[in-house]
Amino acid sequence: MTRRPAVAIAAAALLVASPAVAQDVTVTVNTEAEGPHLSRHLFGQFAEHLGEGIYGGVWVGQDSTIPNVRGIRTDVVEALRHIRVPNVRYPGGCFADEYHWRDGVGPDRRTTVNANWGGALEPNTFGTNEFYDFIDQIGAEAFISVNVGSGTIQEAADWMAYMTADEQSSAGQERAANGHPEQYEVRFLGIGNESWGCGGNMRPEHYVDLLKRHARFDRNYNAAQTGERTMERVAVGPSDADTRYTEAVMAAWAGRDWSWSIEGLSLHSYTVPQWPPSLPSTEFSEDDYALILSTTLDMDRRIRLHSEIMDRYDPEREVALVVDEWGVWLAEDPGTQQGFLQQQNSLRDGILAALNFNIFARHGDRVRGANIAQMVNVLQALILTDGPRMVLTPTYYVHELYLPMQDATLVPVEFDAGEYVRGALTLPGVDAIAFRDTTGTLHVALVNLDPREEREIAIELGDRSVSSAHGRVMTGANVNSINTFDDPDAVTLQPISGRVSGGQVTVQLPAKSVAVLALQ
Ligand code: AHR
């Protein structure tokens, strides 16, 4: 692909200008070829008992003046329904390996201490039944993480029976007595969380022994009765570029016998250029912008690294890589409670989310699930709440933009990304993917990483005729623009259209933006 001379005019930018040259980009879509299925579960969410992720963010209690249905806030439910959340991972995180499910069922709830997250008191008012009520209200499926670190296999098996066994069993009767006679579904079962770290600092060999027992005994009684394999077991896998768990779990899986198996391997990989996380979520510089985006692009390398190992043991790609914790991890906002991991969310973070969705899509034949951390009020949140107020973040709007990618089919593209240079960092100027949605409509998702220069994008479709190119774009005044309770619409979605001429579509893609266009 040849790079054409620059024609774009610098967009108004409040950041100090450095010489930058806009380039045209041609994206050639191979409409004859078909890539992998893109699971809707790439857009999974994560809700941990952490800070205000649950209490305040999802649960306000039935007596609250904040509008709610059975204690679950209505505004948050409506926002999440709109983006068709496919699954919610719960109850943690590190919290999961210290969670005892019996504390959170029935009329008498125990108050415990959330030792991982700020030492906050945990009233356990929100437990299993409330979680299922919540996901039912938003139309999502359950991704339950069982306690491998400090719980017993019997405890996990009992929880599974409580959730999935029918009313003829005592476990089912207990659930019915707590208000839910019907069996719950467990779509994904996370067998532990970060067992290499907060989940117990286990050697991979020790974890694998526990994994085999959980994979066998944490039974899904729905499946036992129907014979359908509806639940996917997700083993703890690697952290970032550490391959020890990848090797150990996949070697065990490859040598498995009939008595146990897994369907997924977890990868946790945050965008955090320095530990402890210290970069601010607001009023950051362009240097930070470039550093964070260049760090996030490492996701591609990490997925490749682990996929290559998985391919050696599983060439048929039966086991999915599930990136069930990802997102940007920044300094906690000043004035917020330490340990609650509250950070603002800027246009940059929305761009970061889009880049990750594009990476997941390119690896869609292996990456079949992902859960951004976290859904409400924690880390790279989609939604922020403050008492009765709620605001949608740029990351939320990217989820809305990418709705047509849920269960779509990837269509291969070729393009020369050009460059965005900041100091010593050289990033791609643009990113692009294409996919056919469930109705057959072709979409192109475009990201312009350059904070100053718009790009003219030419989309070539070969012999395929197109009569219209319409969609929406997310941008804002600055890469550090944020939505606040007082100014909730600083970064939102606006219409964008391409010019169609002779089978080619041309789009002016604003600086620092994400766009998804339907080509019809
Ligand atoms: O998402 C916050 C924490 O990050 C999770 O609890 C843990 O799994 C990870 O280390």
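Any residue in the range 86-99 that is within 23 Å of the chain's Cα centre (by Cα), surrounded by fewer than 20 Cβ atoms within 10 Å (Cβ to Cβ) and of a type in the set (K, R)?
No, the range 86-99 contains no residue that is within 23 Å of the chain's Cα centre (by Cα), surrounded by fewer than 20 Cβ atoms within 10 Å (Cβ to Cβ) and of a type in the set (K, R).
Can you tell me which residues in the range 486-507 are on the phi > 0 side of the Ramachandran plot and without any contact (Cβ under 8 Å) to a residue 40 or more places away in the chain?
Within the range 486-507, the first condition is being on the phi > 0 side of the Ramachandran plot, and the residues that meet it are 502-503.
Within the range 486-507, just G502 meets the criteria.
When Y270 is evaluated against the numbered criteria (1) part of a strand (DSSP E or B); (2) more than 16 Å from the ligand (Cβ to nearest atom); (3) aromatic (F, W, Y), which criterion, by number, is the only one it fails?
(2)
Anything in the range 124-139 that is in a loop (DSSP other than H, G, I, E, B) and in contact (Cβ under 8 Å) with a residue 40 or more places away in the chain? List them, or say none. Steps first, please.
Step one: filter the range 124-139 for residues in a loop (DSSP other than H, G, I, E, B), giving 124-127, 139.
Answer for the range 124-139, where residues must be in a loop (DSSP other than H, G, I, E, B) and in contact (Cβ under 8 Å) with a residue 40 or more places away in the chain: T125, F126, G139.
Mind listing whichever residues of the range 113-123 are outside any strand (DSSP E or B) and within 16 Å of the ligand (Cβ to nearest atom)?
Step one: of the range 113-123, the residues outside any strand (DSSP E or B) are 115-119, 123.
The answer is A115, N116, W117, G118, G119.
(1) assigned to a loop (DSSP other than H, G, I, E, B); (2) modelled with pLDDT of 95 or more; (3) among the acidic types (D, E); (4) away from the ligand (no atom under 15 Å from the Cβ): which one isn't true of D300, the others all being true?
Among (1) assigned to a loop (DSSP other than H, G, I, E, B); (2) modelled with pLDDT of 95 or more; (3) among the acidic types (D, E); (4) away from the ligand (no atom under 15 Å from the Cβ), D300 violates only (1).
Can you find even one residue in the range 79-89 that is within 16 Å of the ligand (Cβ to nearest atom), modelled with pLDDT of 95 or more, within 30 Å of Q154 (Cβ to Cβ) and out of contact with any helix residue (DSSP H, G or I) (no Cβ under 8 Å at 6 or more places or on another chain)?
Yes, there is a match, as at least one residue in the range 79-89 is within 16 Å of the ligand (Cβ to nearest atom), modelled with pLDDT of 95 or more, within 30 Å of Q154 (Cβ to Cβ) and out of contact with any helix residue (DSSP H, G or I) (no Cβ under 8 Å at 6 or more places or on another chain).
Which of the following residues is surrounded by 19 or more Cβ atoms within 10 Å (Cβ to Cβ) and touching a Ser or Thr at 6+ places or on another chain (Cβ under 7 Å): N68, N114?
Working: N114 fails: touching a Ser or Thr at 6+ places or on another chain (Cβ under 7 Å).
Within the list N68, N114, the selection yields N68.
All but one of (1) away from the ligand (no atom under 16 Å from the Cβ); (2) part of a helix (DSSP H, G or I) hold for P451; which doesn't?
Unmet for P451, out of (1) away from the ligand (no atom under 16 Å from the Cβ); (2) part of a helix (DSSP H, G or I): (2).
Identify the residue in the range 140-172 that is charged (D, E, K, R) and assigned to a helix (DSSP H, G or I) and, among all such residues, is surrounded by the fewest Cβ atoms within 10 Å (Cβ to Cβ). Before you say what the answer is, go through the steps one by one.
Taking the range 140-172 first, the residues charged (D, E, K, R) are 141, 155, 158, 166-167.
Going one step further and asking which of them are assigned to a helix (DSSP H, G or I), we end up with 155, 158.
On the way: E155: 16, D158: 18.
Here the answer is E155.
Can you go through G423, G387 and tell me which one is in the same structural domain as L352 (by TED's automatic domain parsing) and surrounded by fewer than 21 Cβ atoms within 10 Å (Cβ to Cβ)? Don't jump to the end; show me each part of the working.
Working: G423 fails: in the same structural domain as L352 (by TED's automatic domain parsing).
On inspection, the qualifying residue turns out to be G387.
Could you say which residue among L392, L379, L401 is buried (at least 21 other Cβ atoms within 10 Å of the Cβ) and either within 16 Å of the ligand (Cβ to nearest atom) or on the phi > 0 side of the Ramachandran plot (or both)? Talk me through it step by step, then tell me what you get.
Details: L392 fails: either within 16 Å of the ligand (Cβ to nearest atom) or on the phi > 0 side of the Ramachandran plot (or both); L401 fails: either within 16 Å of the ligand (Cβ to nearest atom) or on the phi > 0 side of the Ramachandran plot (or both).
L379 is the lone residue from the list that is buried (at least 21 other Cβ atoms within 10 Å of the Cβ) and either within 16 Å of the ligand (Cβ to nearest atom) or on the phi > 0 side of the Ramachandran plot (or both).
Given the criterion over 28 Å from L267 (Cα atoms), away from the ligand (no atom under 16 Å from the Cβ), basic (K, R) and assigned to a loop (DSSP other than H, G, I, E, B), identify the matching residue among R219, R110, R175.
Details: R219 fails: over 28 Å from L267 (Cα atoms); R175 fails: assigned to a loop (DSSP other than H, G, I, E, B).
One residue alone meets the criteria, R110.
The values are calculated or read from the model by the stated rules, or taken from the named source; none is laboratory data. The model shown is predicted, which means the values in this text are computed figures rather than measured ones. Every residue, glycine as well, gets a Cβ built from its backbone with ideal geometry; the counts of neighbours run over all protein chains shown.
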